[in-house]
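Below is one structure. I have some questions about it.
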């Protein structure tokens, strides 16, 4: 039986960390960042939709490193294990990378968080490194600790580091980040797929084929619809051998076809595209969402709806919930996770203030 639509927001208490500043202490934030950047209003929403299980997750840390709000949407497949792991570890890996790469005397005292850790840091390469490192740790964890039916799980990820002066977006897979610039929708991500046309699709197809893979029916090896993802151990390293044999056992192809394939590298990768840009005066808000929203709502429609609600003094939380419900009303066939971040602050539209917790994680059926 299919489950009915349901929303659940799980607000976690801060956790103890051995490493400094997995999140920024409130006292540090108020001293260093409150006057400079302020606290951004955000909303997050997750819904299972018509799927038999929930594999999406939305995650927000409003007071993150270097004055940023950290927001992410994770879209799992072949189970929830990979998306859950990313929600628990990707930010920490990013934070650890800041600790490892941001010491030194080159920054002034007022640019430091504590103990010599310097902000700003070069974020594009740091994010790419932390994505790849997290993927390696995830693959090891899936092999050793995931339930047997989720050892081949994977997940896409779109994350945003947001301040009033700066946006940094990193994307792996087919979720999307959209900026409202004076009411116009600006896509900040490109979906990593092997169907359709355009330079990104062509580059992804060539990368897959160069390591011995193939594209069939818009899918990598006729199996998976995205060309970049975390996890998916059957499409990385030696795992491809088991994917080829599974195809034989499932009668997707015969043994002769499997024997003819010489896969020499990763068919999927977790290297993100990273966009780093200043926030302009006419930039209004940011929407992150999994493809369960974008399959039925265009970027322009989402921005138009959200902007209308902001002008009616609705909160970002209200708008995230509304976008999720619109996707369900339009009969999306997928799970949906949405994060909305207001960039305007007190000088923009006035709206009710939301009590932002240390972390926000929205999932349905977590741990099932």
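The values are calculated or read from the model by the stated rules, or taken from the named source; none is laboratory data. As the structure is a prediction and not an experimental result, all values here were calculated from the model. Neighbour counts are summed over all protein chains in view; Cβ atoms, including those assigned to glycine, are modelled from backbone coordinates with ideal geometry.
Among the numbered criteria (1) modelled with pLDDT under 90; (2) outside any loop (DSSP other than H, G, I, E, B); (3) touching a helix residue (DSSP H, G or I) at 6+ places or on another chain (Cβ under 6 Å), which single criterion is violated by residue 134?
(1)
Could you pull out the residue among 83, 22, 97 that is touching a helix residue (DSSP H, G or I) at 6+ places or on another chain (Cβ under 6 Å), in a helix (DSSP H, G or I) and either buried (at least 24 other Cβ atoms within 10 Å of the Cβ) or at pLDDT below 85 (or both)?
Just one listed residue meets the conditions, 97.
Can you tell me which of 105, 120 is modelled with pLDDT under 85, in contact with a helix residue (DSSP H, G or I) (Cβ under 8 Å, 6 or more places away or on another chain), not in a helix (DSSP H, G or I) and not assigned by TED's automatic domain parsing to the domain that holds residue 217?
Numbers: 105 fails: in contact with a helix residue (DSSP H, G or I) (Cβ under 8 Å, 6 or more places away or on another chain).
On inspection, the qualifying residue turns out to be 120.
Of all residues in region 71-80, count the ones that are surrounded by 23 or more Cβ atoms within 10 Å (Cβ to Cβ), in a strand (DSSP E or B) and in contact with a helix residue (DSSP H, G or I) (Cβ under 9 Å, 6 or more places away or on another chain).
Applying the first criterion (surrounded by 23 or more Cβ atoms within 10 Å (Cβ to Cβ)) to region 71-80 yields 71-76, 80.
Now restrict to residues that are in a strand (DSSP E or B): 71-76.
Narrowing further to those that are in contact with a helix residue (DSSP H, G or I) (Cβ under 9 Å, 6 or more places away or on another chain): 72, 74-76.
Total meeting the criteria: 4.
Right, something else. Got a sec? Which of 172, 168 is buried (at least 17 other Cβ atoms within 10 Å of the Cβ), closer than 24 Å to residue 62 by Cα, at pLDDT below 95 and touching a helix residue (DSSP H, G or I) at 6+ places or on another chain (Cβ under 9 Å)?
Details: 172 fails: at pLDDT below 95.
Step by step, each of 172, 168 is checked, and only 168 is buried (at least 17 other Cβ atoms within 10 Å of the Cβ), closer than 24 Å to residue 62 by Cα, at pLDDT below 95 and touching a helix residue (DSSP H, G or I) at 6+ places or on another chain (Cβ under 9 Å).
Something else now. In region 308-338, how many are out of contact with any strand residue (DSSP E or B) (no Cβ under 9 Å at 6 or more places or on another chain) and over 25 Å from residue 155 (Cβ atoms)?
7
Mind checking whether some residue in region 299-307 is surrounded by 12 or more Cβ atoms within 10 Å (Cβ to Cβ), without any contact (Cβ under 8 Å) to a residue 40 or more places away in the chain and under 30 Å from residue 43 (Cα atoms)? Please lay out each step first, then the result.
So the first thing to find is which residues in region 299-307 are surrounded by 12 or more Cβ atoms within 10 Å (Cβ to Cβ), and the list is 299-307.
From what is left, the residues that are without any contact (Cβ under 8 Å) to a residue 40 or more places away in the chain are 301, 305.
Narrowing the set further to residues that are under 30 Å from residue 43 (Cα atoms) leaves 301, 305.
Scanning region 299-307 turns up at least one residue that is surrounded by 12 or more Cβ atoms within 10 Å (Cβ to Cβ), without any contact (Cβ under 8 Å) to a residue 40 or more places away in the chain and under 30 Å from residue 43 (Cα atoms).
Also, quick follow-up: Is it the case that region 228-246 has a residue that's touching a helix residue (DSSP H, G or I) at 6+ places or on another chain (Cβ under 6 Å) and under 30 Å from residue 184 (Cα atoms)? It would help to see each step written out before you state the result.
Start the filter on region 228-246 by keeping residues that are touching a helix residue (DSSP H, G or I) at 6+ places or on another chain (Cβ under 6 Å), which leaves 230-231, 233-234, 239, 242-244.
Adding the requirement that they be under 30 Å from residue 184 (Cα atoms) leaves none.
For region 228-246, residues touching a helix residue (DSSP H, G or I) at 6+ places or on another chain (Cβ under 6 Å) and under 30 Å from residue 184 (Cα atoms): absent.
Something else about it: Out of (1) buried (at least 18 other Cβ atoms within 10 Å of the Cβ); (2) in contact with a helix residue (DSSP H, G or I) (Cβ under 9 Å, 6 or more places away or on another chain); (3) part of a helix (DSSP H, G or I), what's the single condition that is false for residue 317?
Of everything listed in (1) buried (at least 18 other Cβ atoms within 10 Å of the Cβ); (2) in contact with a helix residue (DSSP H, G or I) (Cβ under 9 Å, 6 or more places away or on another chain); (3) part of a helix (DSSP H, G or I), residue 317 misses just condition (2).
Also: If I ask for residues that are part of a loop (DSSP other than H, G, I, E, B) and either surrounded by 15 or more Cβ atoms within 10 Å (Cβ to Cβ) or free of Cβ contacts under 8 Å to residues at least 24 places away in the same chain (or both), which ones from region 215-237 would you list? Can you show your working first?
The initial filter retains those residues of region 215-237 that are part of a loop (DSSP other than H, G, I, E, B), namely 217-218, 221-223, 225, 227, 229, 232, 236-237.
Hits for region 215-237 are 217, 221, 223, 225, 227, 229, 232, 236.
Can you tell me which residue within region 281-298, out of those that are touching a strand residue (DSSP E or B) at 6+ places or on another chain (Cβ under 7 Å) and part of a loop (DSSP other than H, G, I, E, B), is surrounded by the fewest Cβ atoms within 10 Å (Cβ to Cβ)? If you could, list the steps in order and put the result at the bottom.
Here is the first cut: in region 281-298, the ones touching a strand residue (DSSP E or B) at 6+ places or on another chain (Cβ under 7 Å) are 282-294.
When the remaining residues are screened for being part of a loop (DSSP other than H, G, I, E, B), the result is 282, 290.
Values: 282: 10, 290: 33.
Residue satisfying both the conditions and the ranking: 282.
Within region 347-363, is there a residue that is part of a loop (DSSP other than H, G, I, E, B), in contact with a strand residue (DSSP E or B) (Cβ under 9 Å, 6 or more places away or on another chain), modelled with pLDDT under 60 and closer than 23 Å to residue 296 by Cα?
Yes, region 347-363 contains a residue that is part of a loop (DSSP other than H, G, I, E, B), in contact with a strand residue (DSSP E or B) (Cβ under 9 Å, 6 or more places away or on another chain), modelled with pLDDT under 60 and closer than 23 Å to residue 296 by Cα.
Next question, about the same structure. Looking for something in contact with a strand residue (DSSP E or B) (Cβ under 8 Å, 6 or more places away or on another chain) and either assigned to a loop (DSSP other than H, G, I, E, B) or not assigned by TED's automatic domain parsing to the domain that holds residue 143 (or both) - is there at least one such residue anywhere in region 238-247?
Within region 238-247, the subset in contact with a strand residue (DSSP E or B) (Cβ under 8 Å, 6 or more places away or on another chain) is none.
Within region 238-247 (the criterion being in contact with a strand residue (DSSP E or B) (Cβ under 8 Å, 6 or more places away or on another chain) and either assigned to a loop (DSSP other than H, G, I, E, B) or not assigned by TED's automatic domain parsing to the domain that holds residue 143 (or both)), the answer is no, since none of the residues qualifies.
So which residues in region 248-280 are touching a helix residue (DSSP H, G or I) at 6+ places or on another chain (Cβ under 7 Å), loosely packed, with under 14 Cβ neighbours inside 10 Å and not in a loop (DSSP other than H, G, I, E, B), if there are any at all?
Of everything in region 248-280, just one residue is touching a helix residue (DSSP H, G or I) at 6+ places or on another chain (Cβ under 7 Å), loosely packed, with under 14 Cβ neighbours inside 10 Å and not in a loop (DSSP other than H, G, I, E, B), namely 255.
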